[in-house]
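Notes follow once the structure below has been shown.
The values are calculated or read from the model by the stated rules, or taken from the named source; none is laboratory data. Everything numeric in this text was worked out from a predicted model, so none of it was measured. Heads up, the Cβs are rebuilt from the backbone with ideal geometry, glycines too, and the neighbour counts pull from every protein chain shown. Just so you know, the surface numbers come from the protein's heavy atoms only, side chains and all, with ligands and any DNA or RNA stripped out. Shrake-Rupley method; radii C 1.70, N 1.55, O 1.52, S 1.80 Å.
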Amino acid sequence: MSGTDSTARPLLELQGVTKVYGRGAAAMQALRGVDLRIDAGEFVAVMGPSGSGKSTCLNILGCLDTPSAGSYRFGGVEVGTLSRNQRAELRRHYLGFVFQGFNLLNRTTALENVELPLLYRGMHIAERHRLAREALAAVGLAGWETHTPGELSGGQQQRVAIARAIVTAPDVLFADEPTGNLDSARSREIMELITAFNRERGLTIVMVTHEADMAAFATRRVHFLDGHIESDTRAHDFMETA
Amino acid sequence: MVWNALLLALREIRRNVLRSFLTILGIVIGVAAVIVMVTLGGGATAQVTAQIASLGTNLLMVRPGQRMGFGQMSTAAQFDLADAEAIEREIRSVLAIAPASSAPTTAVFGNRNWSTSITGIDNRYFGVRNWTLASGREFTASELRAGSSVCIIGATVRKELFGAQDPFGNKLRLEKLSCEVIGLLQAKGQSTMGSDQDDLVLMPLRTFQRRIAGTQDIGLIQVSVRDGASTEQVKQDIEELLRTRRHISPSEDDDFQVLDMKEITQMLAGTTQVLTALLGAVAAVSLLVGGIGIMNIMLVSVTERTREIGIRLAIGALEREVLMQFLVEAVVLAAFGGLTGIVLALAASVVLADLMSIPFVFNPGIVVLAFLFSAAVGVIFGFFPARKAARLDPIEALRHE
Ligand SMILES: Nc1ncnc2c1ncn2[C@@H]1O[C@H](COP(=O)(O)OP(=O)(O)OP(=O)(O)O)[C@@H](O)[C@H]1O
Ligand SMILES: [Mg+2]
């Protein structure tokens, strides 16, 4: 596995992607022609000032949003040609998300939140519960299965959200400022967890973050500025010295 | 997929107990109101119809005096037996007549007394009124001729004075008269006007005239008209005959009244139907209000739940899976509310019908209609806003505030 091998088939590939919000005078160009290829196994940190288009780009990569123009290929498949249902299938089978605001279902237990993606995969109850428990244990929340988000701390809620994202064993994990709401100790815990998934399971990760500390965990840093990529650097030191 | 949707829907219902409860309540109230009102209205109509049928042959009531205002009659000369017989003799299409005279009285038996009315009649009364005896016998010819002290009592008088005791052979005291009970009338229940038809004591006309009234007067002539003949014509003929007999000049008004009972009852039946329609309208409004309530809750909850829909879409739910969940949720709530409403409404209808002493008439049409309406409201307003939300890009649904 190698994130730097230029002959590897790219897992995610953006070409000339733009995104315009609104129309007419109120139109807002959030992305102005983004080219980006990410290979399997990479851990990419997306950085840049507020409003530079990081979240917009991540949402497009995660098939949560559609580009205004340009091409997005996932594993060689042109996403723009897929139907809504096909994109949903793509999310269901290959993608995992962690949102800044957790986005857990309220008044629903941690276990039920985590098993939800499995339920949509039509998995049987016993298998579902086993995998959901395993995922919760993997994020250090064994014993918290019956707690609802209201009964969990912010860090715990974010770990439930991570468990929900990885329970389906996705190919790519997208995280939009996963530590944005957490103190630095909690943040480090979460980052170590994510990094472990990248190293041990070869999970491809694309993570938006403001903080250089957090970006230091990644193997590659993409800087956004005003709707386009300003710099793209690989942390050779990490891959080679490890 | 349906099982998953059911599981998810039940989870959501449980997760939002208050919202689910309010939705169900709206449906219960709407459904129950309509069913109760229409059922009771139907019962009242059925009762009036039964009363019309119980009148049997076409009946005219001839009374002296004219109605002057609410419940007041002008005083006028009473009839006598000759008037009654003239009607029978001279007017075609008259099937039978029954002269009667009555007065309020207190009937006493042992230490019990009961305010009722006493009516002097002969046996023609039973035929004209289409009334039979539950037990005992009618008056004999000699009792009628001699004016004997015998009486036939209605079911209410029997209940109030004798309770469970056997009335036959016992003597009732009416004014200064001691009267042997020889018959018991079949119970008729309430009249269309709401009075108790079973609260009366009958005795031979002659006995009444001699021993109670002290006059030869007749206060009421009941006339039954042959089937197929025009009651209206008979009514006119009687009016003409009585005007001549009572020497009323053409410029004067009648000093008596001929009432067509069937006409009055039919008019009342019409009123009942209007009342039923009115109740139905009120019920329809309450169903509508209930429907708007459901609609409101559903719309508000879908707005609230757009973010939830976004989460589900983001983690891989298909549009149709989200929709199926909302549909199942709406169907479960509507079905539960509807069935609860139906059960409550039928129970309430039985109790209320009993209290109002009208028959309970089950109307399956309105039950189905009310149920379908509220179910449709629940499903439409639960489903369509959800469909709108499920068609958003996940990120838009997630951003929804
Ligand atoms: N739904 C929207 N409608 C209109 N404009 C939007 C919308 N979403 C984002 N934008 C605009 O697009 C631009 C890029 O937004 P984006 O959320 O991608 O920025 P970001 O880099 O993630 O910023 P932050 O670090 O603050 O999260 C911003 O100027 C924002 O105002
Ligand atoms: Mg952002």
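Rounded to the nearest 10 Å², what accessible area does residue B:206 show when all protein chains are kept and the probe is 1.4 Å?
Counting only protein heavy atoms, residue B:206 exposes about 100 Å² to solvent.
Can you tell me which of B:328, B:17, B:157 moves the most in a GNM of chain B? Springs connect C-alpha atoms under 10 Å apart.
In the Gaussian network model the winner is B:17.
Quick one: putting +1 on the C-beta of Lys and Arg, -1 on the C-beta of Asp and Glu, what dipole do you get for chain A around its Cα centre, in Debye to the nearest 20? Could the numbers behind the result be given before it?
Numbers: 25 positive and 28 negative charges, 141 e Å.
About 680 debye.
For chain B, build the charge dipole from Cβ charges (+1 Lys, Arg; -1 Asp, Glu) around the Cα centre, then report which of B:195, B:29, B:316 sits farthest towards its positive end.
Final value for the positive-end residue is B:316.
Take the solvent-accessible surface of the protein heavy atoms, probe 1.4 Å, and return the percent of it on chain B that carbon and sulfur atoms account for.
Working: 11530 of 19040 Å².
Taking all protein chains in place, chain B shows 61 percent carbon and sulfur surface.
For a Förster distance of 35 Å, can you work out the FRET efficiency between the beta-carbons of residue B:165 and residue B:259, rounded to the nearest 0.05? Spell out each step's value before the answer.
Numbers: r = 37 Å, r/R0 = 1.07.
So the FRET efficiency works out to roughly 0.40.
At a probe size of 1.4 Å, how large is the accessible area of residue A:233, to the nearest 10 Å²?
70
Just the number, please: buried accessible area between B and A, total of both chains, 1.4 angstrom probe, nearest 100 square angstrom.
Working: alone 20350 and 11620 Å², together 29380 Å².
Its buried surface, counting both partners, is about 2600 Å².
Please enumerate, by chain and number, the lysines with C-alpha under 16 Å from the C-alpha of residue B:159, excluding those fewer than 8 residues away in the same chain.
Once the sequence-local lysines are set aside, what remains near residue B:159 is B:171, B:188.
Need the C-alpha centroid separation for the range A:3-81 versus the range B:175-215, integer Å.
Each part's Cα centre sits 101 Å from the other's.
Based on DSSP H runs of at least 4 residues, each adding -39500 (n - 2.57), what is the mean residue ellipticity at 222 nm of chain B after dividing by all its residues, to the nearest 500 deg cm²/dmol?
When only DSSP H runs of four or more count, the value is -19000 deg cm²/dmol.
Which FRET efficiency, nearest 0.05, do residue B:350 and residue B:275 yield, Cβ-Cβ r, R0 25 Å?
Values: r = 20 Å, r/R0 = 0.80.
Working from the Cβ atoms, E equals 0.80.
Using Cα centres only, tell me the gap between the range B:118-137 and the range B:266-303 in whole Å.
46
Evaluate the charge dipole of the range B:77-254 about its Cα centre and quote only its size in Debye, nearest 20, assuming +1 on the Cβ of each Lys and Arg and -1 on the Cβ of each Asp and Glu.
On the way: 21 positive and 24 negative charges, 149 e Å.
The calculated dipole for the range B:77-254 is roughly 720 debye.
May I have the extent of the alpha carbons of the range A:1-130 along their three principal axes, as whole Å values ordered from largest to smallest?
Result for the range A:1-130: principal-axis Cα extents of 50, 42, 30 Å.
Treating the range B:77-254 as a set of equal point scatterers at the Cα positions, no solvent, please give the Debye-formula log₁₀ I(q)/I(0) at q = 0.08, 0.12, 0.19 Å⁻¹.
Result of the Debye calculation: -0.28, -0.60, -1.26.
Using only the alpha carbons of chain A, what is the convex hull's orientation-averaged projected area in square nanometres?
Values: hull surface 54.8 nm².
Convex hull of Cα atoms, orientation-averaged projection: 13.7 nm².
Can you sort B:237, B:166 by solvent-accessible area, 1.4 Å probe, largest first?
Values: B:237 50, B:166 90 Å².
My answer, sorted largest first, is B:166, B:237.
Checking the cross-link filter: which aspartates and glutamates have an alpha carbon closer than 14 Å to that of residue B:235, excluding same-chain neighbours under 8 positions apart?
Straight-line reach from residue B:235, under 14 Å: B:88, B:90, B:254, B:260, B:263.
Determine which lysines satisfy two conditions relative to residue A:19: a Cα distance under 28 Å, and not lying fewer than 8 residues away in the same chain.
Correct list for residue A:19: A:54, B:388.
Apply the Debye scattering formula to the protein assembly as shown, with a single equal point scatterer on each alpha-carbon and no solvent, then give log10 I(q)/I(0) at q = 0.08 Å⁻¹.
Relative scattering, expressed as log10 I(q)/I(0), comes to -0.71.
Report, to two decimal places, the Cα Rg of chain B normalised by 2.2 N^0.38 Å (N = number of residues).
On the way: Rg = 32.9 Å, N = 401, 2.2 N^0.38 = 21.5 Å.
Here the Cα radius of gyration is 1.53 times the empirical estimate.
I'd like the distance between the alpha-carbon centres of the range B:331-386 and the range A:161-224, rounded to an integer number of Å.
So the two Cα centres are separated by 54 Å.
How much area per residue is accessible in chain B when the probe is 1.4 Å and only protein heavy atoms are counted (Å²)? Could you put the intermediate results ahead of the total?
On the way: 19040 Å² over 401 residues.
Per residue, chain B has 47 Å² of solvent-accessible surface.
Which residue, A:47, A:207, A:28, has the most motion in a Gaussian network model of chain A that connects Cα atoms within less than 10 Å?
A:28
Sorted by accessible area (1.4 Å probe), largest first, how do A:78, B:143, B:240 line up?
Working: A:78 50, B:143 20, B:240 130 Å².
Sorted by accessible area, descending: B:240, A:78, B:143.
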